[in-house]
Every structure is written in C-alpha cells, then in structure tokens.
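First the structure, in the form of structure tokens, and then the observations on it.
The values are calculated or read from the model by the stated rules, or taken from the named source; none is laboratory data. Only a predicted model underlies this, so the values are computations on that prediction, with no experimental measurement involved. FYI the Cβ positions are ideal-geometry reconstructions off the backbone, even for glycines, and counts take in every protein chain you see. Heads up: the accessible areas ignore ligands, DNA and RNA and are worked out on the full protein's heavy atoms, side chains in. Shrake-Rupley method; radii C 1.70, N 1.55, O 1.52, S 1.80 Å.
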Amino acid sequence: MSQPDVSYSCGSCGYPLNLASSNRIASEIGSKYRKSIRKGSISFESIDLSRFTQLDEILLASYVEMASDEVNHSFIMHLPDDCLRSIFEKFDSSTDRESFGLTCHRLLYIQDSRRRSLEFGCSFSRVNHKLSKTTVDIDSLILDKLIRRFQQLESLSLCGCVNLLDSGLSRLQNHGSKLHSLYLDCCFKVTDAGLSSVAIGCPSLSFISLYRCSITDNGLELLAKSCLSLKDFNLEWCSLITDSGISAISNNCRELRAIKISHCDKIKGVGFDGCSQTLACLEAESCKLEPEGVMQILSGGGLEYLNVSSLGWCIRGDGLRAIGGGLGSNLRILNFRLCRSICDETIMEISKGCPLLQEWNLSLCTEIGVVGWESIGIHCRNLEKLHVNGCRSLCDQGLLALQNGCKRLSTVYISRCRQVSSLAITLFKIARWDVEIKLEEVMYIMPNRFFR
C-alpha cells in the first residue's frame, strides 16, 4: 500500500510551506541522507517562494535548500546583500520593515543600510512650531552611535533636542555626505561651531531648518560657501542673523528656492541684493524691512510667494509700493496681513504691477478705501482668493467694486467688516453665485510645495 504524501509545515508555528515529500530530490537518498536529515536539511525540486517572503518565515527559509537546474544548492541566508535588500524592499508594512533586523545581525545590517530618514519621537511639531514640556534628551554619545549606524541617511530631524551640543554634530563630518535634509529646530545649544561640522560633512544638503538656533552670520557664511546646493532655508527667530548672513546665502547658494526670515528683527532686506532668479518663496513676517530692502528682495525677479505680514509698525514710509514697480510681476500670492499702514496708492500700484496675482491676504489692513478696492476689482483679473477679515474701511461700495470685477474670484474670506451690511453680502452672493463666502480667517497661505 502506497504511503500518502507528507506535507511540511513550520515546526514552530505550524505555518504551511507548500512542500510535500513527493517533491523531494530522491536521487540523493543514500548513505549521506541520514546525516543531512540530522542537520535539518532536505532538498526539493521546486519551492513556492511566496511562502518565504513574510517576515515570520525568514528564519525558516534559511533551513530549506533550493535546487537549480544544475542541482547547485544555496541557502537564503547565504544570498548576497543585494538580494537580501531586494527581499527587504518587498515588505509593504512599516512594522515589518522595522522588525526585519530582529532576526539576526546580518539582517539588521541590511535594514540599517536601507534607512534613509531618522526622526526622533519628540513632541515638537515642525508645522505648528510648538514644543511641549516633554523633550528628547539626545546627548552627543547617542547621536554619534546612531549616525555611525545609519550611514545612508538622507534626512535627519533633531527637532526639540534642546540639550544637543555642537560636539554631537561632529560625526556628520565623516558620515553626512548623503544628507539632503537637516532639521535642527529648537536645538538651542547648537551654535556656529556645530554648523561648521554640517558645512564640512554635508556638501549635498538642499534643505536646512535652524528655527530658534543660536547661530550668527559667521556660521551662515561657512554653511553657504560649503553647501552650494541649498534650496530651502528656515531661519525663523534666529535673532542674531543680519543682512550680512543673508548676503552670504544670496551670493553662494544660487539654487536658493525658499527662505524664512520671520521675526529676525536685525534683517532689513538689503542682503538679498543680487539674489538668484530661482528664489520663489520668502517668509518675512514681523521683520523690520526697509524700502530699499523690499526692492532687493524682489531683485531676482522670480518671486512667486511673499509674506510681509505685520510690517505696519516698523517699515519707514510706504516701502511696499515697490512691489508693483515691475520686479514683482511674477508674484502669485501676497500676504499683507496686519500691514495697517497700507494705503490706496500702494494697493493701486500693486494691483496694476502684479497681473498674475491669484491670492491676496489683506486682513486687518484698515486703511484701504473704496479707491483701493476698485483698483483690485479692475486690475486683478487672475485673483482667485481674497482675504478681507477685519478691514474696517471696507464698505458696501468697496464690496460692490469687487463684485463687478475680479472675474476669476472663487473665494472671499470676510468677517468683522462692520461697514459691510448683510444686504450687500446677500446681493454679492446673488450676483456672484460662483464665489464662496467664508466667515473664517486663514493665517497660513504659503503653497505646500515649499519647505518639503
């Protein structure tokens, strides 16, 4: 009587392997067969590899011999690193990827070599710039070990590591050559010395965020001269930076695409003289820009987004009028929120000189009268979104001017406009049924494609 096939399963968990005794290589049964059985090795004609691509089966696969046409045998664990990396890439689940290296040291090495980004579990948010009481205590020794372990990193975030010293960044001198993005937000103890390590070891850097770091113009100059491919710069609340540091960036980083200098009260704007045409995005909220500085900011001619909100209390004269003088002709989005000194003449100049303007935030610009609103209605033919929250000088006549113009308008953000009657809003809705009236106020209008 013939014996039925024996089906093989995992001896640990019972997982079926789709292997049967009838599929064994019988030609090898002989004096050496019992020895191979004792070693846990059985040869098969063919193997269903799909049963060995899940994480739980990697160890099992190392005990199964695979036969080629020439009956040359190899073990999965004897595969070259490139093949093991290909297996690692097949995992769809992030949990499986993180667990891959728990099997053995060799697979841990494969996992480490495939890691491209590292971010510490800190409560600091790069988007909202909020830092809770719970921070990550990363010292120089820990960071040194991590950088040596993950030598293929392209993105490293140390946001909120408030106790990180300059010495902790020294390892980047030897292992930072592939780094493209570096976040040092709220690393309060990082100074020019730490930035010099970044400059030496990270020549491929294209993005750096130094939010609230204690750096000076000297550190920026070292960085700008070494990292010529830098495209996105975040210098918000770096209170020691002046136009000298900005000049070093403008002159050396000719691929500069976006920069944030909000709350850097020592920057007047003149450091942007001769900036690259690639500069398309500038955040300069609450900066003490001067009229000449505004002109230099526009000097590249490629600016698409400009945020100069909260300038009403610091700028001398009506310096923003230069935006409409020709250099701002490429602008798509303007944020003038809280620029209380903006008058009708400036609005008229900009509405005529920025024909591509698609979104304009004029919230709390309290001095804009009917003439200004009429100019927007007539000249801003591509305007799609308009913010007028808290514009106390906006009246029914001004709203009517917007109603009759701005043919591409799709959204108006309006609230706290006391001179605008409910009747005027109702008539606006009837005449411009395709325009959405929103009573909310939006603070952040920078395009998502920057600083990513």
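Every residue in region 380-402 that is buried (at least 22 other Cβ atoms within 10 Å of the Cβ) and in a helix (DSSP H, G or I), please.
Gly398, Leu399, Leu402 - these are the residues of region 380-402 that are buried (at least 22 other Cβ atoms within 10 Å of the Cβ) and in a helix (DSSP H, G or I).
Would you point out the residue of region 403-435, among those that are open to solvent by 90 Å² or more (accessible area, probe 1.4 Å) and closer than 16 Å to Trp360 by Cα, that is nearest to the chain's Cα centre (by Cα)?
Result: Arg408.
Of the residues Val270, Val308, which single one is out of contact with any Ser or Thr (no Cβ under 7 Å at 6 or more places or on another chain), more than 21 Å from Ala224 (Cα to Cα) and of a type in the set (A, V, I, L, M, F, W, C)?
Val308
State yes or no: is Ser363 among the polar types (S, T, N, Q) and either open to solvent by less than 20 Å² (accessible area, probe 1.4 Å) or under 22 Å from Tyr305 (Cβ atoms) (or both)?
Yes, satisfied.
Return the residues of region 412-430 that are assigned to a helix (DSSP H, G or I) and hydroxyl-bearing (Ser, Thr, Tyr); say none if nothing qualifies. Talk me through it step by step, then tell me what you get.
Step one: of region 412-430, the residues assigned to a helix (DSSP H, G or I) are 422-430.
Once the filter is applied, which keeps residues that are assigned to a helix (DSSP H, G or I) and hydroxyl-bearing (Ser, Thr, Tyr), region 412-430 yields Ser422, Thr426.
Would you check if there is a residue in region 152-160 being open to solvent by less than 50 Å² (accessible area, probe 1.4 Å) and assigned to a helix (DSSP H, G or I)?
no
Look through Arg321, Arg254 and report the one residue that is in the same structural domain as Leu364 (by the TED database) and either open to solvent by 10 Å² or more (accessible area, probe 1.4 Å) or without any contact (Cβ under 8 Å) to a residue 12 or more places away in the chain (or both).
Arg321
Being touching a Leu at 6+ places or on another chain (Cβ under 8 Å) and either among the charged types (D, E, K, R) or closer than 29 Å to Asp232 by Cβ (or both) is the filter here, so list the residues in region 406-452 that pass it.
Arg408, Thr411, Tyr413, Arg432
Do any residues in region 281-305 that are in contact (Cβ under 8 Å) with a residue 24 or more places away in the chain have Cβ atoms under 6 Å from those of residues that are open to solvent by less than 30 Å² (accessible area, probe 1.4 Å) and of a type in the set (D, E, K, R), where the two are at least six apart or on different chains, and which pairs are they?
Glu283/Lys260
Test Ile249 against the stated conditions and say whether it is under 18 Å from Ser209 (Cβ atoms) and either open to solvent by 60 Å² or more (accessible area, probe 1.4 Å) or part of a loop (DSSP other than H, G, I, E, B) (or both).
no
Search region 179-230 for residues being in a strand (DSSP E or B) and among the polar types (S, T, N, Q), and hand back the single one that is most open to solvent (accessible area, probe 1.4 Å).
Only one residue fits best here, namely Ser181.
Return a yes/no flag: does region 227-234 have any residue that is touching a Gly at 6+ places or on another chain (Cβ under 9 Å) and not assigned by the TED database to the domain that holds Ser309.
Step one: of region 227-234, the residues touching a Gly at 6+ places or on another chain (Cβ under 9 Å) are none.
No, every residue in region 227-234 fails to be touching a Gly at 6+ places or on another chain (Cβ under 9 Å) and not assigned by the TED database to the domain that holds Ser309.
Can you tell me which residues in region 331-360 are of a type in the set (A, V, I, L, M, F, W, C), open to solvent by less than 10 Å² (accessible area, probe 1.4 Å) and in contact with a strand residue (DSSP E or B) (Cβ under 8 Å, 6 or more places away or on another chain)?
Matches in region 331-360: Leu331, Leu334, Phe336, Ile350, Cys354, Leu357, Trp360.
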